[in-house]
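In what follows, a single structure is set out as structure tokens and then discussed.
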Amino acid sequence: MIKFVINLERCLQRMDYFDDSYTRWIATDYKDLDDDNDIFKRMISMWNINPNEHKAKCGCLLSHLNLWKHIVEHKLNDVLIVEDDAEQINHLPDFTDIEEFTYLGGFFTKKMTDGEVTPPHLLHKLNDIPEDYKFLTTLSYYIPTWEIAEKLIVDITSQTRFRAIDVMLNKISVCRCVYYPALFIERDLQSTIRPSKNKHPTELYRFEKNKYNIKYVIPSYQRYDKCKSLTLLYLEKHNIPKDDIFLFVRKDDKDIHRYRTLKLEGYEVIETNVRGIGATHNYITQYFKSKQLIVELDDDIVDMIDNQRRPILNLQHMVRKAIKIMDKENINYAGTYQCDNIMFMSQNKEYTYDLRYMLGLFRIRRVCKDIKLKSNFAEDFENVCAHYKRDGKILKMNHIAGKTKNYSDGGCDGAGRNIETEKKDKELVHSLYPDYCKLFVRKNGRTDLRLKHKVKFT
């Protein structure tokens, strides 16, 4: 497959998001066109449009047209085209059987003035576009053959007056399909055509406003090197802004001076005097405002994978998707599967809401000031019980698991952890939630807890 990114010369930094499998196609910048260029006169826009937006539409149209001409000239087949604000959220399928021009991201509408309306009964994989629907944006699409690109050029250029490229594509003879769910969504970047735009296409081909203010939180103790080379690097690969990443570290940490250097890189570094992961959890709860959405991660995360052992392509999308479910179900706590065993993962529904164990290595929670943990070495059990008791539901993503450097040296729960302290804390959790869990002793002599999945919410 040949993959192109349409990118303006003045927006070169956007190419940092894409790997070497993509070829840069330099977009036509309206600022490089003469003011009397004929295309400005042929383009139709609303009377009150900003003149620069009108010209930017022209540049966008020419960018796609010129790329199609390149495809025809070089007789290129099997071509994927994305704009530079595209964000891949799903793995690319086998395109062998796709024979039509196919959208891979964008949104549906019935009329140009109706706003987004997702058609019902879209099938997974390929769908024809229903006759009474229109499809907007050229965020991402697939052209199987150069002959189809040639037809696109003829259909577009033969029109006397031009409109925005996505609008024109709804009035051509070339058959169009849409792949569902979307493979690409729009990154939260300022539009180079309409700077005021604050909505973006979703995985379900809807057009929604970005409304989440998510903070990524990493408690870390005596693991500066691991934190820097593992979790922070992982978040960087997924384009998480550094000013949204909060590290909670102890003032008496032997590496405190090294942790402090992370402030110079743009991270938020919060120094505390608390000890133990349970106490740190409570400190984090008090630090943030009530209802703040936070993603808590261990400091030694290597990767996040799905139940086919494929790496999660887009961490932010995975998080936003989980939060939407949390909002719908009135849930304040979510987590992933406890181990990266794909056989065990595949035996469960992707999403469950009953009382199930979730490790603290990766979790999403909306800050609830009324939940204060009393244990350290059983805080993951206590967290799920406390949130379940509060809300009657917790969200477990059984098809996602984290890969970490488990039980490596250091960690917020490392100091003082042994068989006896573990036993004491698990007995404490059992005493707090006797209807939600039971104690048992493993073959290795360690006391552990087992949750009661079918416990009734009280």
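Bear in mind that the values in this text are calculations on the coordinates, not laboratory data. These numbers come from a predicted model, not from an experiment. Reconstructed Cβ throughout: ideal geometry from the backbone, glycine too, with neighbour counts over all protein chains shown.
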With +1 on the Cβ of every Lys and Arg and -1 on the Cβ of every Asp and Glu, the dipole magnitude of segment 214-451 about its Cα centre, in debye rounded to the nearest 20, is 340
Full extension between Thr352 and Asn330 adds, at 0.36 nm per residue less the Cα distance, a length in nm of 6.6 nm
If every Lys and Arg gets +1 and every Asp and Glu gets -1 at its Cβ, then about the Cα centre segment 2-209 yields a dipole, in debye to the nearest 20, of 700
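Between Leu33 and Glu271, take the C-beta separation as r, use R0 = 35 Å, and let me know the FRET efficiency to the nearest 0.05.
Taking R0 as 35 Å, the efficiency between Leu33 and Glu271 is 0.05.
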Read-out Rg and Dmax of the Cα atoms in Å, candidates [x] 36.7, 118; [y] 21.9, 68; [z] 25.7, 83; calculated match is [z]
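For segment 2-209, give me the percentage of DSSP beta bridges that are antiparallel, rounded to the nearest 5 percent.
Details: 21 of 35 bridges.
Taking every DSSP beta bridge within segment 2-209, about 60 percent pair in antiparallel fashion.
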Asserting the computed 222 nm helical MRE of the chain (DSSP H runs at least 4 long, -39500 (n - 2.57) per run, divided by residue count, to nearest 500) equals -7500 deg cm²/dmol
Non-local residues with an amide H under 5 Å from the amide H of Leu230, with H modelled 1.01 Å from N and Pro and chain starts lacking one, are none
Scalar couplings 3J(HN,Hα) for segment 41-53 by Karplus 6.51 cos²θ - 1.76 cosθ + 1.60 (θ = phi - 60°), nearest whole Hz, x for Gly and Pro, are 7, 7, 7, 9, 9, 4, 4, 9, 5, 4, x, 5, 5
For segment 214-451, one quarter of the surface area of the C-alpha convex hull, expressed in nm², comes to 12.2
Binned at 10 Å starting from 0, the alpha-carbon pair-distance distribution of segment 318-389 in whole percents comes out as 17, 53, 27, 3
Percent antiparallel among DSSP beta bridges confined to segment 214-451, nearest 5, equals 55
Ordering 220-232, 125-137, 33-45 by per-residue average of other C-beta atoms within 10 angstrom, highest first, gives 220-232, 125-137, 33-45
So, over other residues within a Cβ distance under 10 Å of Asn398, counting Lys, Arg +1 and Asp, Glu -1, the net charge is +2
Heads up, segment 2-209 by the C-alpha gyration tensor (a ≥ b ≥ c square roots of eigenvalues; a/c under 1.5 rounded, else a/b over b/c prolate, else oblate) looks rounded
With the 8 Å Cα cutoff and a minimum separation of six or more residues, the chain has a relative contact order in percent of 12
Restricting to Cα pairs under 8 Å and 6 or more apart, the percent relative contact order of segment 214-451 works out to 23
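Considering only the chain, what is the antiparallel percent among its DSSP beta bridges, to the nearest 5?
Beta bridges within the chain, antiparallel portion: roughly 60 percent.
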To the nearest 20 debye, the chain has a Cα-centred charge dipole, built from +1 on Lys and Arg Cβ and -1 on Asp and Glu Cβ, of 2060
Sequence order, segment 284-294: Karplus ³J(HN,Hα) from phi using 6.51 cos²θ - 1.76 cosθ + 1.60, θ = phi - 60°, Hz rounded, Gly and Pro as x, gives 4, 4, 6, 5, 8, 5, 4, 6, 5, 7, 10
Most exposed first, judged by fewest Cβ atoms within 10 angstrom, Glu83, Glu329 run Glu329, Glu83
Residue span Lys199 to Tyr212: 0.36 nm per residue of separation minus Cα-Cα distance leaves a gain in nm of 3.4 nm
Relative contact order as a percentage, segment 126-195, C-alpha pairs under 8 Å and 6+ apart, gives 49
